[in-house]
1. Write out the GluC sites (Glu not before Pro) in the stretch 182-251 meeting two conditions: DSSP loop, and at most 14 other Cβ atoms within 10 Å of their Cβ.
2. Each residue of the stretch 71-77 in order: what ³J(HN,Hα) in whole Hz does its phi give by Karplus 6.51 cos²θ - 1.76 cosθ + 1.60, θ = phi - 60°, with x for Gly and Pro?
3. Go through 295-308, 343-356 and give me the packing order, highest mean Cβ count within 10 Å leading.
4. Counting pairs on different chains as well as pairs 8 or more places apart, how many Lys pairs in the stretch 199-287 have Cα atoms under 28 Å apart?
5. When we measure straight from the Cα of Lys430, which lysines land under 29 angstrom away, once same-chain ones fewer than 8 places off are left out?
6. Can you put Lys421, Lys252 in order of Cβ neighbours within 10 angstrom, beginning with the fewest?
7. Report the GluC sites (Glu not before Pro) located in the stretch 362-429 that are in a DSSP loop and have at most 11 other Cβ atoms inside 10 Å of their Cβ, or state none.
Amino acid sequence: MFSTNLSRVLASLALIASICILASAQAVPLRGHVTMKQDDGTSKPVAGAVIDVYRTDISTKTPFTTKTDKKGEFVYAGLQLVGQYVIVVSAPGAQPNWLPGVRAGQDIDYPIVLSPGDGKRLTADEVKTAMASPRVGAPAAGVKESAEDKAKREELERKNAEIMKNNEKAQSSNAIIERTFKAGNEALKAKNYDVAIAQYDEGLAADPEHPGAPALLTNKTMALNARAVDRYNNAVKSTDDAAKTSGMEAAKKDWTAAAEAGTKAVAMLKAVPTPADATAAASAKTNLYFALSARADATRLYVTKVDNSKVDQGVAAYQEYIAAETDPVKKTKAERDMAQMLFDANVFDRALVEYQKILETNPDDLTALLRAGQSLFNIGAINTDKAKYQEAANYLAKFVDKAPDTDPFKADAKAILDALKDQENVKPEKTTPVRRTRRP
């Protein structure tokens, strides 16, 4: 059967060196609403309340500040997904209150309850001191508290105490994830794949279920994929049989790990409900797009270089990525890559279908003409089908007619045509030119 020349495989694999990197910071929103407890036990929305949001997993004294609207609601956009925050609320005639252990981008409407007070606005140092013994929703002096309200407040305090306890671990993991993500991206950009992979692994080990984990997995997928290409290319060029074998095996392990990491990244992102906030929803869609792209590329090489039996997995990955791709040029490239994957995996009947789809749009596409002809030639050889040989000859003849002499595959196509003529007595069919009627 026809197989692609190894040196040409290396040339195509080298293209993978151009890797796009996810942004190191994901901007996400934080939302909530503020109410004031009244003497009669009812609550009213607080308009114009000052919302100070402090990040607690890093050292900072400068808050992100906004105000509530007429409904007592607030939204702050542009916070870091990996950050931990405390929401501090103050308003005229109210006792300041706070809610610790908050994460942005979770599509949660955080409630803050104020009680009557002096309208004081807490400073950063006062917030730090207050968080040492949080009492969110506690009533101001002189305000009567019902048994029901007391039970609610104590339950909220219990939950906040639990949040504060978890924060100690979360703050550490946040710092690790943010640091390793940045360091990993810098190493990936510099093509130092060993360091990049080690950094991403350290971040994932800190908290495998962290909201930032899919981004680490996506970039790890790209780093593993690129390292596998380097290892494969070096193994092919090696003159030492032992080095060649070990290099090939190392590349296969990397491609396997890349496909697994890409699949996990996509699954984690798809498991998160679509945020109601438009900005957060757009960010989630972008993250999923990058994960789908990385998974498709990694799965293609896993299928063609490690396990041909997983071709359905590769097709599914490409179809999902193609559906998400909005750039016509990138979409066309993905369709070609999927067809090439099928061809390289020796699934010639399915590869033929994909190349014929390409030819429907562009009848003179040289790659599609060549691969359609080669696929038909292989199908004919497998099934001893002279009709397939005839179709193969027709496609290949058109390719030879249109391809420039510098095309590296032109000689291969001519060789197949010669073999078909000599061994199968098959020649390309001539197309009948359209006759035009002369006007009198």
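No lab work stands behind these numbers, since they all come straight from the coordinates. Predicted model, so just to flag it, every value in this text is computed and none were measured. For neighbour counting, all protein chains shown are included, and Cβ atoms are generated from backbone atoms with ideal geometry for every residue, glycine included.
1. Those satisfying the criteria are Glu209.
2. Values, residue by residue: 8, x, 9, 9, 9, 10, 9 Hz.
3. 295-308, 343-356
4. Qualifying lysine pairs in the stretch 199-287: 17.
5. Leaving aside lysines fewer than 8 places away in the same chain, those within reach of Lys430 are Lys357, Lys386, Lys388, Lys398, Lys402, Lys410, Lys414, Lys421.
6. In increasing order of surrounding Cβ atoms, one gets Lys421, Lys252.
7. The qualifying sites are Glu429.
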